[in-house]
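The structure under discussion appears below in the form of structure tokens.
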Amino acid sequence: MSGEGQDALAQAGIPVVIPSYRRGHKRSPTQTYLPFAKLIVAQAEADEYRASGNEIVICPNEAQGNLCRVRNWILDHWHDARGVLILDDDYSYIGKWNGRDFVAQTAEEIAEFIEQGFGMAEELGAYLWGINCTFDKGAYREFTPFSTTAYIGGPFQAVRPATDLRYDETLPLKEDYDFTLQHLERYRRVLRFNAYAYIVKQNEQAGGCATYRTMDRERAQFEGLQKKWGGGIVRRDAGGDKRMVRGAATVKGWDLNPRLEIPIPGV
């Protein structure tokens, strides 16, 4: 890319970062797509990541191994930034609906969108914003371009570090649901741009959360999230998206993703 997007984000005080764990054997697809993003890796893995051509920022070894812990390290490290965008390390691309077409966005377009997104979040009084978690055209309503009470998925979470809210380290497999609920409880709003959506691999590769994700832990994490927020807010989903359902033969219909019912006004 030209560097204009990177320079604009740097001048705006908005780092774009990618926590990555045990995936240093190759260049991050996200960084290939968005060269202005930097990987956050543990000191012990730094040489391997560099050798694969990744641009990195080193965090302490003890910050890794728990997704919430490294995300909290990021928010604390950039506590005086205007905003921090935290991405997954396995992006294919970010697309935007244009009529019936889902159009892949360039790195320059995404850099401009990131700066605009933080500007709108500031105007709205939201401290967490993101984009759609599905690129299914049936889930996108043109006349609802923004949501203020919708789930903000972990692959794209933009945070204004002025907030003192932090990720719950007891819920590393449901951290994005919990973080969304924390922001809705405190600020009564988040911001989601519904025309944009990410294409990521998530549960399809080794490393990252896969090192500690099992069905038993998924169940325990769901129960922990539901206990924290209540069964009226955190509900079990029947599992419409088959890509996100595991072990169908033994746990038929169990979806990794809970369904949130938000009891406050908004869209």
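A short reminder: the numbers here are calculations on the coordinates, not readings from a lab. Every value quoted in this text rests on a predicted model; they were computed, and no experiment measured them. So basically every Cβ, Gly included, is an ideal-geometry build from the backbone, and we count neighbours across all protein chains shown.
If R0 is taken as 45 Å, the Cβ-Cβ distance between Lys227 and Phe143 corresponds to a FRET efficiency of 0.75.
In percent, what relative contact order does region 16-77 have, based on Cα pairs under 8 Å that are 6 or more apart in sequence?
Numbers: 87 pairs, mean separation 20.0, N = 62.
Reported as a whole number, the value is 32 percent.
With R₀ set to 22 Å, the beta-carbon distance separating Leu165 from Ala10 gives a calculated FRET efficiency near 0.30. Among the lysines of the chain, pairs at least eight places apart or on separate chains and with Cα atoms under 22 Å apart come to 14. The C-alpha radius of gyration of the chain, expressed as a fraction of 2.2 N^0.38 Å, stands at 0.96.
Computed from point charges on the beta carbon alone (+1 for Lys and Arg, -1 for Asp and Glu), the dipole magnitude for the chain about its Cα centre is near 980 Debye. If you take all other residues with their beta carbon under 12 Å from the beta carbon of Ser52, and give Lys and Arg +1 and Asp and Glu -1, the sum is -1. Once the Cα-Cα distance is subtracted from the 0.36 nm per residue extended length, the His25 to Arg188 segment shows a gain of 54.5 nm.
Among residues other than Arg22 with Cβ under 11 Å from its Cβ, the summed charge is -2 (Lys and Arg +1, Asp and Glu -1). Between Glu123 and Gln43, the FRET efficiency from the beta-carbon distance, with R0 = 22 Å, is close to 0.05.
Return the percentage of antiparallel bridges among DSSP beta bridges fully within the chain, rounded to the nearest 5 %. Please list the in-between numbers first.
Details: 20 of 33 bridges.
Around 60 percent of the beta bridges assigned by DSSP in the chain are antiparallel ones.
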